[in-house]
Structure formats: C-alpha cells, structure tokens
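Notes for the one structure printed next.
The values are calculated or read from the model by the stated rules, or taken from the named source; none is laboratory data. Computed from a prediction, not measured in an experiment: that's the story for all the values here. Cβ sites come from the backbone with ideal geometry, for glycine too, and all protein chains shown count toward neighbours. Just the protein is used for accessible areas: all its heavy atoms, side chains included, with ligands, DNA and RNA removed. Shrake-Rupley method; radii C 1.70, N 1.55, O 1.52, S 1.80 Å.
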Amino acid sequence: MSLQGKHILVGVTGGIAAYKMATVIREFKKKGAEVKVVMTPMAKQFITPLTLATLSQNPILVDFFDPENGAWNSHVSLGIWADAYLIAPATANTIGKMANGIADNLLLTSYLSAKCPVFVAPAMDLDMYAHPAVQKNIETLRSRGNHIIDAEEGFLASGLTGKGRMAEPSTIVDSMELYFASVNDLKGEKVLITAGPTYEKIDPVRFIGNYSSGKMGYALAEECASRGADVILVSGPVSLNPVHPNIKKISVESAGEMFDAAVENSSDADVEILCAAVADYTPAQRADRKIKREKTGEMSIDLIPTKDIAAHLGKIKKEGQLMVGFALETDNEEVNAVDKCARKNLDFIVLNSLNNKNTCFQSDTNMITIFDKDGSRYPYEFKPKREVAKDIVDHIVEKLS
Ligand code: C5P
C-alpha cells in the first residue's frame, strides 16, 4: 500500500497528542503523499509550526491571511486541493464546532469547504470523551460520513487511565492507506439510484406517502461515489442532501416523476439500485382545490396503480447491466423477496426486515439479507446503514468482476 501522489490536508488542534503528528506527517511523506498542515492557534502551544512545516515541506497555515503582506489563505482552495482531510488530534472543542457548523478558524472553514473524505481522530481526557455531548457530536460527524478513527484506551496525559488517547500514528496512517486502497473499485462505472419515498398528491395540501427517510439510498450513493462511481440519485422528498461531488441529485415527488427520471437515466447506467419506497397506487384524480369536509357521509379516494420502475427497467435491461432491488416484507419475507427478484429481473435483492428493531424506515441502522437471482443467501449483522451500504456495494463489485 502507498499514499503516492495523494494530497493530504492535516488539521492539528490544541491537544497534547499534537506532538504525535510529527510522526504521522513523516509517515505520510515517506509513503509519497503531499502534505499541507492547518493548525488552530492553540495547537501552536503544543507543537511548533517549524517542526510541522519542516516535516511537511510546506508552510503551516493558521490564520485567514498573512498580516505582513495581506496574502489570503484560501480555505476553499485547500478543500479543493485535498484528496483527504485528517483532523488529528481533534479536541472536544473542535469536534463540537465541526458538528455545529461553527467556522471561527482556518481549520474549521477548511472543514466546511472540504469536498474530500474527512478523517477525525478524537483525543481528550476520559471523562470529556465519555460525556454525552461529546459522544453525540462524534456520532453526528459519523452520521454525516466523516471517518472517525476511534480513540484508544490507555494512559492519558492527565495521569488517569481510560479511553480518550488519540489512535497511534501507525493506526492513523493505516486507516488512511486502507481507505485509499479500497476506493476506486467502481471507477468509471455509472450508477443510477432511486431513494426515499414518493408523495402522491390528493389535493394541493394532502398526499399519500410513506415513512421512508432516504437514509439507505443516500448511504449507497455516498459509498458508490467514494469508490469512484458517477452517481445519479433520483430522490423522492427527503431532508437529506448528498455530500460527494460525484453525486448528481434529481429531485422528484411522485412515482410517475420518479419513473420518468429513472428511465431517462437508465440507458447508460452500468448499475441500477432501486432503493426507493415507491407508491404502488396513486389517486385517480387530483383535486385542484383543497377538498373540504362534508357534513355527512363517508369519503373515498379512487386509486390507480403506478408504474413499477424496477419491473420496467428489468424489462429493458441491457447486456451487462446490473440491477439491485430492495424488499420490505411483513410476512413470508424470504419467499416473497426471492420471487420479487425473479419477477423484476434483478441480479440480487436486499431484504430488510420489519421484524427487527431499529431497522428500515427512519433508522440509522439496518439488518439485511441479500438473495442472488440463483437463490444464494447472504445474511448480514445488524449495523449502521453506512456500513450496510458498504456490504451491498462490496456485493455489487463482486458481481461486476
Ligand atoms: O414495492 P415492492 O415491494 O415491489 O418493491 C420492491 C422493489 O421494487 C424495490 O427495489 C423498489 O424500489 C422497486 N419498486 C419500483 N417501482 C415501484 C415499486 C417498487 O422501482 N413502483
């Protein structure tokens, strides 16, 4: 493994573990990376800019501009330059600001501008680390796709022993190397993903929808893009937005709109992942005005079937295209999933179970079983949707090769 030619931006904050960053930067350089370092003002108290400038072979950046000559240190161009941004050690203060979008130094403005993967190595005393506020902030960063390099247990600068030590320099370097080695196995592939719910309008203020949050589909989009794919994400109404620059989002509302956008983008897709919870029926008529309550009697809405996107794409599937569907069943889960896989001409289907707690709709976690079209069955453990996305994409890469 190597880091040859990679641009690594290193953000150092004011914690005692900053002294270990000399070793990390030295290793990055040895492995062929180009390194630039941003420090918070406090970090300069823990390790000198001269040390890190010498090792990185670049001047250290701390301020937004150079007071001597007014030269502007552009956080935007740093964000564009970097292939990865490592923030280590990341103090509770910086983690809290990152989680809340606070931008009062160059390290933080660079974080908010960065389009590249971000790695965060927390380091603090055990009680600070265990505090629910800090844990919540770390989870927020994780849920937004930042790679957390977990703190380790052991001897702390305070003299206490517990969890909070920054990961060892070798662990930090290894995780970045692993990351760069694993990416790009979808390079050049075009991936079409449908995600989220659909809303079927009844009148201008009401609709028929479902509980889908889009989290699984968005996690798949981020995973595919981070592995080199060009992703088109056809998304129903959700409160999420894609982060990776290689994801093009097309927002739709109804099943009909999702059908049109998916079909339009299907012909040059190498992989199609149909993850959306698409309405099976839509009102036969859409009222132009808000339907008023009648004084007496019942009211009913006539529904007509929507077009099945997966089934249609399965029909027009080209040689070499790989199609993945999802199944959510309340009964006879496995039989229904395998049947759906065949009916829609899918290569494999991902079964989510409503029988498990904290899976499926709205949840950040999921537990899946994959069924190939030949009936092979692959059960997975309960885990965060981000990791589930990795499992699914690993399965896709295996099928493509
Ligand atoms: O709704 P159903 O259980 O048939 O969904 C199974 C698969 O079909 C999912 O992958 C879903 O995204 C897809 N589907 C679709 N268009 C529909 C209904 C379902 O693409 N109208």
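At-a-glance table
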read-out: Scan of segment 76-98 for residues that are surrounded by fewer than 20 Cβ atoms within 10 Å (Cβ to Cβ), touching a residue at least 24 places away in the same chain (Cβ under 8 Å) and assigned to a helix (DSSP H, G or I), ordered by number; value: Val76, Gly79, Ile80, Trp81, Asn93, Gly96
read-out: Candidate set: segment 344-361, residues that are touching a Leu at 6+ places or on another chain (Cβ under 7 Å) and open to solvent by less than 50 Å² (accessible area, probe 1.4 Å); chosen: the one modelled with the lowest pLDDT; value: Cys360
read-out: Filter result for Met367 (farther than 21 Å from Glu257 by Cα, surrounded by 15 or more Cβ atoms within 10 Å (Cβ to Cβ) and away from the ligand (no atom under 12 Å from the Cβ)); value: yes
read-out: Of the criteria (1) touching a helix residue (DSSP H, G or I) at 6+ places or on another chain (Cβ under 6 Å); (2) without any contact (Cβ under 8 Å) to a residue 60 or more places away in the chain, which one Gln135 fails; value: (1)
read-out: Qualifying residue in segment 245-266 (condition: open to solvent by less than 40 Å² (accessible area, probe 1.4 Å), in a strand (DSSP E or B), more than 30 Å from Ala181 (Cβ to Cβ) and of a type in the set (Gly, Ala, Ser)); value: no
read-out: In segment 239-268, residue nearest to the ligand (Cβ to nearest atom) [restricted to those that are among the aliphatic types (A, V, I, L, M) and under 21 Å from the mean Cα position of the chain (by Cα)]; value: Val252
read-out: Count - residues of segment 198-243 that are assigned to a loop (DSSP other than H, G, I, E, B) and either open to solvent by 10 Å² or more (accessible area, probe 1.4 Å) or out of contact with any Gly (no Cβ under 6 Å at 6 or more places or on another chain) (or both); value: 18
read-out: Qualifying positions in segment 142-167 - open to solvent by 30 Å² or more (accessible area, probe 1.4 Å) and either in contact (Cβ under 8 Å) with a residue 60 or more places away in the chain or outside the structural domain of Thr13 (by TED's automatic domain parsing) (or both); value: Arg142, Ser143, Arg144, Gly145, Ala157, Arg165
read-out: Ile304 vs. criteria part of a strand (DSSP E or B) and surrounded by 17 or more Cβ atoms within 10 Å (Cβ to Cβ); value: no
read-out: Search result, residues across segment 33-63 that are more than 29 Å from the chain's Cα centre (by Cα) and open to solvent by 50 Å² or more (accessible area, probe 1.4 Å); value: Pro41, Met42, Lys44, Gln45, Phe46, Thr48, Leu50, Thr51, Thr54, Gln57, Pro59, Asp63
read-out: Subset of segment 313-325 [closer than 15 Å to Ile193 by Cα and either in contact with a helix residue (DSSP H, G or I) (Cβ under 7 Å, 6 or more places away or on another chain) or aliphatic (A, V, I, L, M) (or both)]; value: Leu313, Leu322, Met323, Val324, Gly325
read-out: Filter result (more than 11 Å from the ligand (Cβ to nearest atom), outside any loop (DSSP other than H, G, I, E, B) and open to solvent by 80 Å² or more (accessible area, probe 1.4 Å)) within segment 331-343; value: Val335
read-out: Failed item in (1) within 22 Å of the chain's Cα centre (by Cα); (2) within 12 Å of the ligand (Cβ to nearest atom), with Ala279 passing the rest; value: (1)
read-out: Segment 282-319: number of residues that are away from the ligand (no atom under 16 Å from the Cβ) and touching a Leu at 6+ places or on another chain (Cβ under 8 Å); value: 1
read-out: Some residue of segment 116-131 being in the same structural domain as Ala17 (by TED's automatic domain parsing), in a helix (DSSP H, G or I), surrounded by 16 or more Cβ atoms within 10 Å (Cβ to Cβ) and in contact (Cβ under 8 Å) with a residue 40 or more places away in the chain; value: no
